[in-house]
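In what follows, a structure is listed as structure tokens, so that the remarks can point back to it.
The values are calculated or read from the model by the stated rules, or taken from the named source; none is laboratory data. Worth saying up front: this structure is predicted, and the values here are computed from it rather than measured. Glycine gets a Cβ as well: all are built from the backbone with ideal geometry, and neighbour counts include every protein chain shown. Heads up: the accessible areas ignore ligands, DNA and RNA and are worked out on the full protein's heavy atoms, side chains in. Shrake-Rupley method; radii C 1.70, N 1.55, O 1.52, S 1.80 Å.
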Amino acid sequence: MTVMQPSPSPTRPRLTALRDRLLRIAELATTPLLPQDYLDMVDPLRSGAALRGRVEAVHRETRDAATLVIRPGRDWLPHVPGQYVRIGVDVDGVRQWRAYSITSVLGRADGCFTITVKAIPDGTVSNHLVHRTQPGTLLHLDQATGEFVLPRPCPGKTLFVTAGSGITPVMGILRNLADEDAADVVLVHSAPTADDVIFANELRGMAATGRIRLVEQHTDTAGMLGAADIAALVPDLAERSTWACGPVGMLEALEAHWAGAGLADRLYTERFRPTVIAADGEGGTVTFTADGTTVDADGATPILDAAEAAGVLMPSGCRMGICFGCVLPLREGAVRDLRTGEVTTAAPGDGVVVQTCISAAAGACQLDH
Amino acid sequence: MTAIQKKSDNPIAHLTAEDIELLGKQLDAIRQSVLDERGESDARYIRTVIDVHRKVELGSRAVLLASGFPPAWILGTIGLSVAKILENMEIGHNILHGQWDWMRDPKIHSTTWEWDMASPAVQWKHSHNQLHHTYTNVIGKDNDLGYGIMRVDEDQKWAPGHLLQPVWSFLNACFFEYGIAAYDLELGAVIAKGQTKDPEFRRRGKEVLRKIGRQVRKDYVVHPLLSGPNFVPTLAANFVANVVRNLWSNSVILCGHFPEGVETFEKRSIEGETKGEWYVRQMLGSANISGGKLMHLMTGNLSRQIEHHLFPDLPSNRYAEISPQVKALFEEYGLNYHEAPLPQQVYSAWHKIFRLSLPNGWLDNTTPANLPKQLVKLWKMSTGSRTVRRRLTLAEMAG
Ligand SMILES: Cc1cc2nc3c(=O)[nH]c(=O)nc-3n(C[C@H](O)[C@H](O)[C@H](O)COP(=O)(O)OP(=O)(O)OC[C@H]3O[C@@H](n4cnc5c(N)ncnc54)[C@H](O)[C@@H]3O)c2cc1C
Ligand code: FES
């Protein structure tokens with residue numbers, strides 16, 4: 001996994017160094033285990049442990065969405081509103097990693113943060129988190145990351161366009177917006193019905209007090225909003241910086257429209273999943289050179305998924321091609337980028353690296369791992 | 001015992017090629033049924049065993065800090081022995097087989113696990129998973145047959161040196177972990193071929209020495225030092241726990257492949273072997289230990305050696321539930337499901353070690369009445385020339 005090393009708290013570097021030295025000495029007595037393995041049994045959230053979090057509460061938001069209050073380990077670093085966190089959770093005994101936007105206010109008194117998850121049909125992790133997770137559950141975490149954040153200083157006029165669970169990173173931003181930054185905020189949010197709007201009361205409350213201008217679109221009755229409809233609803237669109245998060249189709253339509261209007265550089269988008277266009281190539285056998293494990297992967301499945309399903313421990317991150325946490329050297333062979341259909345080939349010594357989360361085998365290939 | 005192909009009553013003569021393929025399919029189906037169900041309860045099982053092991057190990061080591069007090073020594077030594085056995089058998093052996101890789105937990109994974117034993121996990125995985133499990137009981141291919149130092153089959157020529165085999169075997173059992181480390185290094189063969197300067201061998205040798213160094217430092221220096229005035233009793237407790245663990249794991253492993261009646265195979269016989277034939281070799285080349293839950297836990301479920309050899313990467317806690325189905329297949333195909341209680345299997349294995357330390361047929365032909373005569377013959381065979389040995393051996397086998 002891409003485990004980011006938490007940087008030691010700057011006020012206590014010496015204590016941290018001392019702790020690490022003591023742990024190394026203790027290892028003489030615990031080998032082949034680490035002293036940490038024993039400490040984990042007592043305090044899995046302590047400083048110096050692999051980053052974990054404990055679910056403190058689960059609040060239902062809509063019939064298929066819930067907010068999880070998570071107490072992170074002591075090495076957790078404050079996030080920037082709009083960022084996401086990777087969560088590792090055991091579903092049916094198998095560790096699964098997914099990304100979720102942080103929705104809470106910074107600096108909560110209880111030290112917790114929240115994520116808000118919408119269960120998607122047949123979704124492995126989202127259903128587990130929304131419907132089957134009890135307070136007390138331990139989760140695995142990475143530090144928060146992501147580029148979907150407001151710049152400093154904040155632009156005067158902002159527009160947010162969201163749909164479904166795409167509201168989550170935006171809620172993370174809105175809740176943390178300082179008064180002077182909230183001068184002129186428009187939110188255009190789509191959901192199937194009024195009852196499906198996540199954070200409905202809070203958003204309507206913000207609108208009632210004039211903090212934001214809220215445009216709610218209930219798509220079951222009113223249909224979907226096209227990019228042109230949004231332009232009509234927000235006439236001063238060209239003066240605004242826009243942040244958008246929602247289904248792939250919506251984001252692509254917005255990108256096309258904004259580019260057409262010469263505003264491409266004022267649109268920031270967050271994708272929850274990659275656009276897959278090239279899912280019909282031949283697959284191949286993937287060999288991992290470190291221990292010779294071989295995995296048969298079809299042409300539609302990311303190498304990351306195929307290898308994990310075969311029990312190989314793989315580095316990973318966002319699982320959708322943006323973070324490069326999954327990159328491995330391709331020693332030999334060919335892979336296809338599932339987003340573009342582009343085939344990358346490598347011969348030994350070429351030094352080619354590939355993102356396994358969006359690459360499928362395109363014939364036999366060897367990865368150094 | 002003789003390689004199965006040379007036997008007059010070959011136990012698989014009645015099976016046609018179609019039978020064997022069908023049997024293979026039925027075994028595949030059993031495997032698939034476990035894969036389909038594998039899930040949270042299995043994950044909970046291995047995590048519980050790991051948790052229990054850590055508590056027992058830590059508790060015993062804490063008790064041993066007072067090892068000068070005899071009851072503390074006894075309790076601590078028993079606890080530490082149990083912990084070391086659990087760690088090697090149900091935890092280490094099975095994790096290193098990849099039985100738990102499907103959980104994708106980097107802390108419980110065959111590529112990251114290291115165990116409390118002289119042989120480094122990587123080297124053991126190669127000799128055990130890739131060689132022994134592939135070439136199970138094939139004479140000349142499976143070095144587990146006698147670990148390259150013993151005569152374990154009538155087909156191997158007898159030499160006078162084999163008379164000492166019971167002594168070597170016993171010493172090997174007491175210091176089994178070092179025997180395994182040497183064996184994983186193929187130390188015997190490397191020395192015999194004069195390849196000790198080979199850089200790859202040196203690298204691996206250093207790796208083993210480093211591992212042994214860490215192990216010895218923990219058990220025989222750090223823990224005794226922490227015990228202060230009880231340095232010596234704690235050191236003794238660690239030594240005893242290691243020997244107990246070694247004797248135990250050696251016994252379990254002997255029971256898996258050595259008892260009388262377990263078949264061996266000729267090198268030739270595995271050329272172009274089908275999956276079904278491979279299954280049959282595993283079925284006949286392994287033996288189970290009968291017993292209760294505790295026995296299965298402490299043997300790391302190698303008491304289900306047959307099921308383990310058929311499906312080495314299924315989680316060990318599942319062998320118990322599939323064993324009735326496997327047994328039913330043995331019956332259906334008229335094969336012998338080799339299973340007996342531990343003492344019986346250990347006796348059987350050691351009896352074989354004794355028998356084969358002697359020339360073929362000698363032990364069977366010896367009675368209290370003819371003992372003096374037989375001893376004279378053994379003396380002649382041990383000291384005489386090769387021709388004498390051959391002549392006497394043939395006479396012996398003729399009875
Ligand atoms: C940066 C980032 C931030 C994210 N933030 C959030 C968040 O705040 N809240 C949230 O609920 N989710 C968020 N996601 C999506 C989340 O990571 C998971 O992809 C989602 O929960 C589905 O996972 P799953 O295991 O339930 O589905 P899977 O079992 O992985 O997939 C099941 C099926 O659904 C499809 N599918 C996968 N993802 C989606 C999707 N997003 N919409 C529709 N169909 C899909 C798959 O192709 C598959 O067919 C974020 C993703 C990224 C990359
Ligand atoms: S996991 Fe983020 S780019 Fe592949």
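What does region A:85-231 give for Rg and for Dmax, in Å, if only its C-alpha atoms count?
Both quantities, over Cα of region A:85-231: 16.7, 48 Å.
What list of whole percents do you get for P(r) of the protein assembly as shown, with Cα-Cα distances grouped in 10 Å bins up to the one holding the largest distance?
P(r) over the protein assembly as shown, rounded to whole percents: 2, 11, 18, 20, 18, 12, 9, 6, 2, 1, 1, 0.
With springs only between Cα atoms under 10 Å, which of B:Ile12, B:Ile191, B:Ile95 fluctuates most in a Gaussian network model of chain B?
Fluctuation is largest for B:Ile191.
Quick one: of the DSSP bridges fully inside the protein assembly as shown, what percent are antiparallel, nearest 5?
Bridges in the protein assembly as shown are about 60 percent antiparallel.
Pairs to check: B:Lys141/B:Lys206; B:Lys84/B:Lys218; B:Lys107/B:Lys206. Give those whose C-alpha atoms are more than 19 Å from each other in this structure. Working shown, then result.
Details: B:Lys141/B:Lys206 26 Å; B:Lys84/B:Lys218 13 Å; B:Lys107/B:Lys206 25 Å.
The pairs that break the limit, which is 19 Å between Cα atoms, are B:Lys141/B:Lys206; B:Lys107/B:Lys206.
What whole number of Å gives the distance from the Cα centroid of region B:370-384 to the Cα centroid of region A:77-136?
79
List the aspartates and glutamates whose alpha-carbon lies under 18 Å from that of B:Lys193, not counting same-chain residues fewer than 8 positions away?
Cα-Cα hits under 18 Å: B:Asp184.
If you consider only alpha-carbon coordinates, what radius of gyration and Dmax does region A:158-271 have, in Å?
So, for region A:158-271, Rg and Dmax equal 13.2, 36 Å respectively.
Just want to confirm a number: the relative contact order over chain A, from Cα pairs under 8 angstrom separated by 6+ residues, in percent.
Averaging sequence separation for qualifying contacts and normalising by length gives 13 percent for chain A.
Per residue Cα convex hull volume for region A:284-367, in cubic angstrom?
79
Give me the net charge for the shell around A:Glu308: Cβ to Cβ below 13 angstrom, other residues only, Lys and Arg +1, Asp and Glu -1. Walk me through the intermediate numbers first.
Values: positive: A:Arg95, A:Arg98, A:Arg319, B:Arg104; negative: A:Asp305, B:Asp101, B:Asp105.
Within the 13 Å Cβ shell, the charges total +1.
Return the equivalent ellipsoid semi-axes of region A:222-310 as a descending list in whole Å, where each equals the square root of 5 times an eigenvalue of the C-alpha gyration tensor.
Output for region A:222-310: semi-axes of 41, 13, 11 Å.
Of B:Ala340, B:Gly98, B:Leu163, which is farthest along the charge dipole of the protein assembly as shown in the positive direction, counting Lys and Arg as +1 and Asp and Glu as -1 at C-beta?
Sorting the options by dipole projection puts first B:Leu163.
In square nanometres, what is one fourth of the surface area of the convex hull spanned by the alpha carbons of chain B?
Here the figure is 22.8 nm², rounded to one decimal.
Anything losing 50 Å² or more of accessible area from the isolated chain to the full protein assembly: pick those residues out of region B:79-116, probe 1.4 Å, ligands and DNA/RNA ignored.
Buried-area filter returns B:Arg104, B:Lys107.
Summing Lys, Arg as +1 and Asp, Glu as -1, what charge do residues with Cβ under 11 Å from the Cβ of B:Ile270 carry, B:Ile270 excluded?
Within the 11 Å Cβ shell, the charges total -1.
Could you report the protein assembly as shown's accessible area per residue, 1.4 Å probe, as an integer in Å²?
Spelled out: the 1.4 Å probe surface of the protein assembly as shown, per residue, equals 45 Å².
Name the residues of region A:60-103 whose accessible area falls by at least 30 Å² when all protein chains are present instead of the chain alone, probe 1.4 Å?
A:Asp92, A:Gly93, A:Val94, A:Arg95
Using the charge dipole of the protein assembly as shown (Lys, Arg: +1 at Cβ; Asp, Glu: -1 at Cβ; taken about the Cα centre), state which of A:Gly363, B:Tyr319, A:Val105 has its Cα farthest towards the positive end.
B:Tyr319
So which residue, out of B:Tyr178, B:Tyr337, B:Tyr45, gets the largest mean-square fluctuation from a GNM of chain B using Cα contacts under 10 Å as springs?
B:Tyr45
Per DSSP helix of 4 or more residues, -39500 (n - 2.57); summed, then divided by the residues of the protein assembly as shown. What does that give at 222 nm, rounded to the nearest 500?
-12000 deg cm²/dmol
Choose one of B:Asn360, A:Pro155, A:Cys245: the residue whose Cα lies farthest towards the positive end of the charge dipole of the protein assembly as shown (beta-carbon charges +1 Lys, Arg; -1 Asp, Glu; about the Cα centre).
Ranked along the dipole, the leading option is B:Asn360.
Would you mind getting the Kirkwood hydrodynamic radius of chain A from its Cα pairs, rounded to one decimal in Å? Numbers along the way, then the final one.
Details: mean 1/r = 0.0442 Å⁻¹.
Averaging 1/r across every pair of different Cα atoms and inverting gives 22.6 Å.
Rank by packing, highest mean first: peptides A:217-226, A:285-294, with packing defined as the count of other Cβ atoms within 10 Å averaged across residues.
Peptide ranking by packing, descending: A:285-294, A:217-226.
Hydropathy at least 0.0 by Kyte-Doolittle, axial extent at least 20 angstrom from the Cα trace: which helices of chain B, defined as entire DSSP H runs, fit?
B:70-86, B:231-257
Provide a whole-number value for the mean count of partner chain Cβ atoms within 10 Å of the Cβ atoms in peptide B:211-220.
If you average over the peptide's residues, the count of other-chain Cβ atoms is 2.
Measure off 7 Å from each Cα along the Cα-to-Cβ vector at A:Ala238 and B:Leu371, then give the distance between these two points in nanometres to one decimal.
My value for the distance between the label points is 11.4 nm.
Hull surface divided by four, with the convex hull built on the Cα atoms of region B:256-399: how many nm²? Numbers along the way, then the final one.
On the way: hull surface 47.0 nm².
Mean orientational projected area (region B:256-399, Cα hull): 11.8 nm².
Among A:96-109, A:337-350, A:262-275, B:252-265, how do they line up by average Cβ neighbours within 10 Å per residue, starting with the highest?
Highest mean packing first, the order is B:252-265, A:96-109, A:262-275, A:337-350.
If I build a Gaussian network model for chain A, linking alpha-carbon pairs within less than 10 angstrom, which residue out of A:Leu34, A:Leu313, A:Leu330 has the largest mean-square fluctuation?
Its mean-square fluctuation being the largest, the pick is A:Leu34.
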